[in-house]
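This report concerns only the one structure given below.
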Amino acid sequence: MKKSALVTGILGQDGPYLAKLLLEKDYKVYGLIRRYSNPTFSNLEYLGIQDQIEYVDGDMTDEASLINVIKSIRPEEVYNLAAQSFVGASWQQAKLTTEVNALGVLSLLNAIKFFSPTAKFYQASTSEMFGLSNDDGYQDENTPFHPRSPYGVAKVYAYWMTVNFRESYNMFAANGILFNHESPLRGIEFVTRKITDGIAKIKLGLAEDIHLGNLDPKRDWGFAGDYVEAMYLMLQQDDPDDYVVATGETHSVRDFVEAAFKAAGIEDYKQYVKIDPRYQRPAEVPHLRGRLDKVTKKLGWKPKVTFEELVKIMVDADIQRYKKKSM
C-alpha cells in the first residue's frame, strides 16, 4: 500500500516541489484546491506532475469542507502549506489573512484530531514570526517572536496552536520555521520574482526599469526545492518537533538585485532600478538570519543550492519564459 499525503497549497510555490518529492517516494498525493472558476496549474505543469495528483475540493476558511476531506481520504501525512502568503498584502487583507493563516489551521487540526488522529501534521511556519527579535544576529528555535505584520501575527497563532495540539492531544504535529525560500515558481508579487521577471524584460528589451521599495532589508534566502526535503524529513521522525530551516547566510534586497543583474549579464544595475514609495511597508523586518544547527544535527538536512545559484536559476527561468512567449 502506498502511503498517502494531503498537501494544502498545492498550487503555490512549495506545494509542487513537495508533491514531486512525495511522488518520487511513491506516495499517493492529494492536493487541496479551492473551487476556482479557472484554477491555475502552471506551477505543477512546470514540474510535469499535474496529472499525477488527485485533487480534492476544500477551503481553509470552511471547516466543514476540511472535515469532509480528512474523513474521506484519512491521510497518513498532512502538509499544511496553504496561506495568504504575501506579507505586503496582509495589511490590506488582515481579516482574510487571519482566517486562512490562523483560524484555518485550527480547523484543519480539529479535523485531523477527530477523523484521522494518527496522521502526522506539518505546519508551514515562517521566519516572519521573529520580526524584530534578534539573538546575536541569528534566529533559532528559542528566539522569541515579535511579528511585524498581520501575516506574521497569524502565523504565530498557527504555530502555537500546532504546539498546543501536540501537547494536549498527543498528536504528531510539527512546525517548520522556514526562512525565505525562492524558486522559478515564486509568485510575481514577491520581490525576488519581481526582480528576476523585471530583469528578464530588460534583458530582452521589453522594459526599461524596475520599480522597487526598500533595498536595505536582509533575508536568509534558500531554494524551495531544498526546503521541502526538510518538511518531509520532519514527518519521518519518531517524535514531532519544531525546526528552523535556513541557510545561515544573509543578503540584502540590494544584494539580490545586484546578483540578478549580474546573472543576466548586466553589470551596472543602478540605472535600471527606481525606488517607489508605493512598495514601502508600514513596518519592516530589517534582518533575518537562521541558525540551522538543530535541523542539521537531528534531520541531517543542509541546503544544496547557494544564493548565487538560486538567483541565476530564477533569472534564467524568467528569460526562457519570455523567449517562449515571443516564439
Within region 263-272, of all residues that are among the aliphatic types (A, V, I, L, M) and either surrounded by 19 or more Cβ atoms within 10 Å (Cβ to Cβ) or at positive phi (or both), the one farthest from the chain's Cα centre (by Cα) is Ala264
Within region 314-327, of all residues that are over 17 Å from Gly205 (Cβ atoms) and not charged (D, E, K, R), the one farthest from the chain's Cα centre (by Cα) is Ala317
Of the residues in region 207-228 that are in a loop (DSSP other than H, G, I, E, B) and touching a Gly at 6+ places or on another chain (Cβ under 7 Å), the one that is surrounded by the most Cβ atoms within 10 Å (Cβ to Cβ) is Asp220
Filtering region 101-145 down to residues that are farther than 13 Å from Met60 by Cα and either in a helix (DSSP H, G or I) or touching a Cys at 6+ places or on another chain (Cβ under 6 Å) (or both) yields Ile112, Lys113, Phe114, Phe115, Ser127, Glu128, Met129
Condition met for Val311 (within 19 Å of the chain's Cα centre (by Cα) and more than 30 Å from Val78 (Cα to Cα)): yes
Worksheet item: Would you say Ala82 is surrounded by 19 or more Cβ atoms within 10 Å (Cβ to Cβ), among the hydrophobic types (A, V, I, L, M, F, W, C) and outside any strand (DSSP E or B)?
Response: yes
Sole miss for Ala173 among (1) in contact with a helix residue (DSSP H, G or I) (Cβ under 7 Å, 6 or more places away or on another chain); (2) surrounded by fewer than 24 Cβ atoms within 10 Å (Cβ to Cβ); (3) hydrophobic (A, V, I, L, M, F, W, C) is condition (2)
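Listed here are the residues, each with its yes/no results for (1) among the acidic types (Asp, Glu); (2) crowded, with 21+ Cβ neighbours inside 10 Å; (3) outside any helix (DSSP H, G or I).
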site	(1), (2), (3)
Ala230	no, yes, no
Leu233	no, no, no
Gln236	no, no, yes
Val244	no, yes, yes
Glu249	yes, no, yes
Arg254	no, no, no
Val257	no, yes, no
Phe261	no, yes, no
Arg278	no, no, no
Condition set in a loop (DSSP other than H, G, I, E, B) and in contact with a helix residue (DSSP H, G or I) (Cβ under 6 Å, 6 or more places away or on another chain), scope region 263-276, selection farthest from Tyr122 (Cα to Cα): answer is Tyr269
Within region 146-179, residues in a loop (DSSP other than H, G, I, E, B), modelled with pLDDT of 95 or more and either under 21 Å from Ala246 (Cβ atoms) or polar (S, T, N, Q) (or both) come out as Asn170, Phe179
Those residues of region 1-32 which are more than 28 Å from Glu189 (Cβ to Cβ), at pLDDT 95 or above and assigned to a loop (DSSP other than H, G, I, E, B) amount to Lys3, Lys25, Asp26, Tyr27
Check region 98-107 and report whether any residue there is surrounded by fewer than 16 Cβ atoms within 10 Å (Cβ to Cβ), out of contact with any Ser or Thr (no Cβ under 8 Å at 6 or more places or on another chain) and either without any contact (Cβ under 8 Å) to a residue 24 or more places away in the chain or in the same structural domain as Tyr27 (by TED's automatic domain parsing) (or both). no
Inside region 300-320, the number of residues satisfying the requirement of being charged (D, E, K, R) and either surrounded by fewer than 15 Cβ atoms within 10 Å (Cβ to Cβ) or modelled with pLDDT under 95 (or both) is 4
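Condition check ((1) in the same structural domain as Leu108 (by TED's automatic domain parsing); (2) of a type in the set (Asp, Glu); (3) under 14 Å from the mean Cα position of the chain (by Cα)) across all residues:
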| residue | (1), (2), (3) |
| --- | --- |
| Asn142 | yes, no, no |
| Ser149 | yes, no, no |
| Lys155 | yes, no, yes |
| Phe172 | yes, no, no |
| Ile177 | yes, no, yes |
| Arg193 | no, no, yes |
| Thr196 | no, no, no |
| Gly213 | no, no, no |
Those residues of region 180-203 which are aliphatic (A, V, I, L, M), modelled with pLDDT of 95 or more and surrounded by fewer than 21 Cβ atoms within 10 Å (Cβ to Cβ) amount to Ile202
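The values are calculated or read from the model by the stated rules, or taken from the named source; none is laboratory data. As the structure is a prediction and not an experimental result, all values here were calculated from the model. A quick note on method: Cβ atoms are made from the backbone with ideal geometry, for glycine too, and the neighbour counts reach across all protein chains shown.
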